[in-house]
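The structure appears right after this line, and notes come after that.
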Amino acid sequence: MNIYDSNLIASLIEKDGNIKAETIENADIIIVNTCAVREHAVNRVLSRIDSLKVLKKRKPYIRIGVTGCVPQQLKEKLLEEKPFIDFVLGPDNLRKITSCIKDKNGTFVKLFDTSLYSDLSPARGELPETFVSAMRGCNNFCSYCIVPYVRGKERSRHIEDILNEVGKLGKLGYKRVTFLGQNINNYKDRGKGLPYLLSEAAKVEGIERISFLTSHPAYFPLKVINVMKDEPKIEKFLHLPLQSGSSRILKAMNRGYTQEKYKGIIDKIRTKIEDIALSTDIIVGFPYETEKDFMETLNLVKMIDFDFAYMFKYSPRKYSLANNFIDTVNEETKRDRLNELIRVQSEVIKKKSEANKGKIFDVLITGENEKNYLASNGITLYNKRVIVKERICTGEIVKVRIEEVKGWTPIGTPVKEPGKNVALGLVPNRQKRRM
Ligand code: SAH
Ligand code: SF4
């Protein structure tokens, strides 16, 4: 979502007559778009901002703005403690950016709960994959999370606006779109939900792969699985954050499901799509998490066999309900639990990657491999990034047999398909596209 917002900001600034600077030292306008979801992210961004002080001292005419969730949370504090910042904008105030660059200093952090930026066309990254925002905000108030307080209430874009955007992307040569929403299962526009959005997007010419993030186990409609199963363009991949394997901790997190319910959803999904790829988010060291709770998480992770997991130490966040809980798990225990979880999950990934050896996948070529210009990067229908030992044109879909696994990355060779000519692409495809 932050990448999407950064691209919105870039397009607003470009439309106003600016061009992208080659380096930060050459820039007259520097915008730091920020995330506040964990303390670690905030600290990193604060030190990044501090590193700009010397540039402002050398060139006092440059304009420095900080946007996104950190100013929404820290507001005036940022301007007080870092006087070299000219202005700060919350996620709902991005339209003010051009006037702030020209003539306004200050803090603009009003949450509107309606802003969707549907009329704006974000700058786009390299072909062939991109994000499309379907919703903004969140109403869930998981007890550890700051998002509902800094991004406001949940709201969905009109389906025609989204499909129009997807249509333009198809014409521009994009092949893969990922729909975004903090709780994408709640997407709703005048009675139309996520299954409808997915099946309509699958009809768009040029678009070959469709994915969506993030699903919430408490709201997951099994109808989505039917659409995923029936529609060949929809990736057989689901990101379903577990957060904890202990029902007691899930209750304290206000997640709205138990360990049993989560397992039940996974079982139902796997009976429909046996080989679906699953990824998840997990937090360790939430207040009052005991060794027994943690073992339940660990056992569930072993049992479910996730294809990937994003794993975090609990980080107390201002405004959130859990900020009032006593942070009972000390730093060392949090670190040990995180390391143990990463170790277990890494073994699962290794085992699953090895099991792919010899299998053939349809791979969408996403670009030239950075280390070997005679090889390509690609992505399977199961959201697995792979290396293909041939340079094939970006955007092509080829059958690839996996031969080896390096680290966690499967590497393979295209399988010759009778009657199908694949464009070998030594053509660099680095052009940035704008809609
Ligand atoms: N809307 C998405 C996730 C948004 S935040 C969802 O509900 O899944 C991304 C991830 O950051 C969360 O899934 C959670 O695992 C993690 N996270 C959020 N707040 C956190 C906190 N206070 N401490 C540690 N991790 C956190
Ligand atoms: Fe945060 Fe929960 Fe909303 Fe995700 S669903 S953004 S974790 S409050």
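The values are calculated or read from the model by the stated rules, or taken from the named source; none is laboratory data. In this text, all values refer to a predicted model and were calculated from it rather than measured experimentally. Neighbour counts run over all protein chains shown; Cβ positions are idealised from the backbone, glycine included. In case anyone asks, the SASA skips ligands and DNA or RNA and just uses the protein heavy atoms, side chains included. Shrake-Rupley method; radii C 1.70, N 1.55, O 1.52, S 1.80 Å.
Restricting the search to the range 133-166, which residues are more than 16 Å from ligand 2 (Cβ to nearest atom) and open to solvent by 20 Å² or more (accessible area, probe 1.4 Å)?
Within the range 133-166, 158, 160, 161, 163, 164 meet the criteria.
Within the range 79-89, can you find the residues that are aromatic (Phe, Trp, Tyr) and crowded, with 19+ Cβ neighbours inside 10 Å?
87
List pairs: first residue in the range 364-387 and under 11 Å from residue 400 (Cβ atoms) and of a type in the set (Val, Ile, Thr), second residue modelled with pLDDT under 95 and not in a strand (DSSP E or B) anywhere in the structure, Cβ distance under 8 angstrom, at least six positions apart or on different chains.
From the range 364-387, the pairs are 365/425.
Scan the range 270-282 and tell me whether some residue there is among the small types (Gly, Ala, Ser), at pLDDT 95 or above, within 30 Å of residue 170 (Cβ to Cβ) and open to solvent by less than 10 Å² (accessible area, probe 1.4 Å).
Yes, the conditions are met somewhere in the range 270-282.
Given the structure, is residue 196 open to solvent by 20 Å² or more (accessible area, probe 1.4 Å) and within 18 Å of residue 257 (Cβ to Cβ)?
no
Looking at the range 328-340, I want the residues that are touching a residue at least 40 places away in the same chain (Cβ under 8 Å) and have a partner that is small (Gly, Ala, Ser) with Cβ atoms under 8 Å, at least 6 apart or on another chain. Which pairs are those?
Partner pairs satisfying both residue conditions: 329/285; 333/285; 334/285; 337/285; 338/285.
Yes or no: the range 223-231 includes at least one residue that is open to solvent by 20 Å² or more (accessible area, probe 1.4 Å), more than 27 Å from residue 272 (Cα to Cα) and away from ligand 1 (no atom under 16 Å from the Cβ).
Looking through the range 223-231, none of the residues is open to solvent by 20 Å² or more (accessible area, probe 1.4 Å), more than 27 Å from residue 272 (Cα to Cα) and away from ligand 1 (no atom under 16 Å from the Cβ).
When the range 367-387 is examined, which residues are found to be surrounded by 13 or more Cβ atoms within 10 Å (Cβ to Cβ) and not in a strand (DSSP E or B)?
Those that are surrounded by 13 or more Cβ atoms within 10 Å (Cβ to Cβ) and not in a strand (DSSP E or B): 369, 375, 381, 382, 383, 384.
With the checklist (1) away from ligand 1 (no atom under 16 Å from the Cβ); (2) within 23 Å of the chain's Cα centre (by Cα); (3) under 30 Å from residue 164 (Cβ atoms); (4) open to solvent by 30 Å² or more (accessible area, probe 1.4 Å) in hand, flag the one item residue 213 doesn't pass.
(1) is the only condition that residue 213 fails.
Looking at 70, 66, which one is under 24 Å from residue 111 (Cβ atoms) and within 16 Å of ligand 1 (Cβ to nearest atom)?
Residue meeting the stated conditions: 70.
Test each condition in (1) in contact with a helix residue (DSSP H, G or I) (Cβ under 6 Å, 6 or more places away or on another chain); (2) free of Cβ contacts under 8 Å to residues at least 60 places away in the same chain for residue 239 and report the one that comes out false.
Going through the list (1) in contact with a helix residue (DSSP H, G or I) (Cβ under 6 Å, 6 or more places away or on another chain); (2) free of Cβ contacts under 8 Å to residues at least 60 places away in the same chain, residue 239 breaks only (1).
Would a scan of the range 345-354 turn up a residue that is in contact with a Pro (Cβ under 7 Å, 6 or more places away or on another chain) and either buried (at least 17 other Cβ atoms within 10 Å of the Cβ) or assigned by TED's automatic domain parsing to the domain that holds residue 242 (or both)?
yes
Pick from 119, 92: which is assigned to a loop (DSSP other than H, G, I, E, B) and surrounded by fewer than 21 Cβ atoms within 10 Å (Cβ to Cβ)?
Result: 119 is the single residue among 119, 92 that is assigned to a loop (DSSP other than H, G, I, E, B) and surrounded by fewer than 21 Cβ atoms within 10 Å (Cβ to Cβ).
Can you find a residue in the range 20-36 that is open to solvent by 10 Å² or more (accessible area, probe 1.4 Å) and touching a residue at least 40 places away in the same chain (Cβ under 8 Å)?
So far as the range 20-36 goes, yes, one or more of its residues are open to solvent by 10 Å² or more (accessible area, probe 1.4 Å) and touching a residue at least 40 places away in the same chain (Cβ under 8 Å).
Return the residue satisfying two criteria in turn: it lies in the range 264-276 and is in contact with a helix residue (DSSP H, G or I) (Cβ under 9 Å, 6 or more places away or on another chain) and not basic (Lys, Arg), and of such residues it is nearest to ligand 2 (Cβ to nearest atom).
If we take residues in the range 264-276 being in contact with a helix residue (DSSP H, G or I) (Cβ under 9 Å, 6 or more places away or on another chain) and not basic (Lys, Arg), then 265 is nearest to ligand 2 (Cβ to nearest atom).
Could you tell me which residue of the range 238-251 is nearest to residue 211 (Cα to Cα), considering only residues that are within 13 Å of ligand 1 (Cβ to nearest atom) and either among the basic types (Lys, Arg) or part of a helix (DSSP H, G or I) (or both)?
Restricting to residues being within 13 Å of ligand 1 (Cβ to nearest atom) and either among the basic types (Lys, Arg) or part of a helix (DSSP H, G or I) (or both), the top hit is 250.
Taking the range 341-366, which residues are among the aliphatic types (A, V, I, L, M) and assigned to a helix (DSSP H, G or I)?
Those that are among the aliphatic types (A, V, I, L, M) and assigned to a helix (DSSP H, G or I): 341, 342, 344, 348, 349, 355.
Considering each of 209, 255 in turn, give the residue that is within 18 Å of residue 383 (Cβ to Cβ), touching a residue at least 60 places away in the same chain (Cβ under 8 Å) and basic (Lys, Arg).
209
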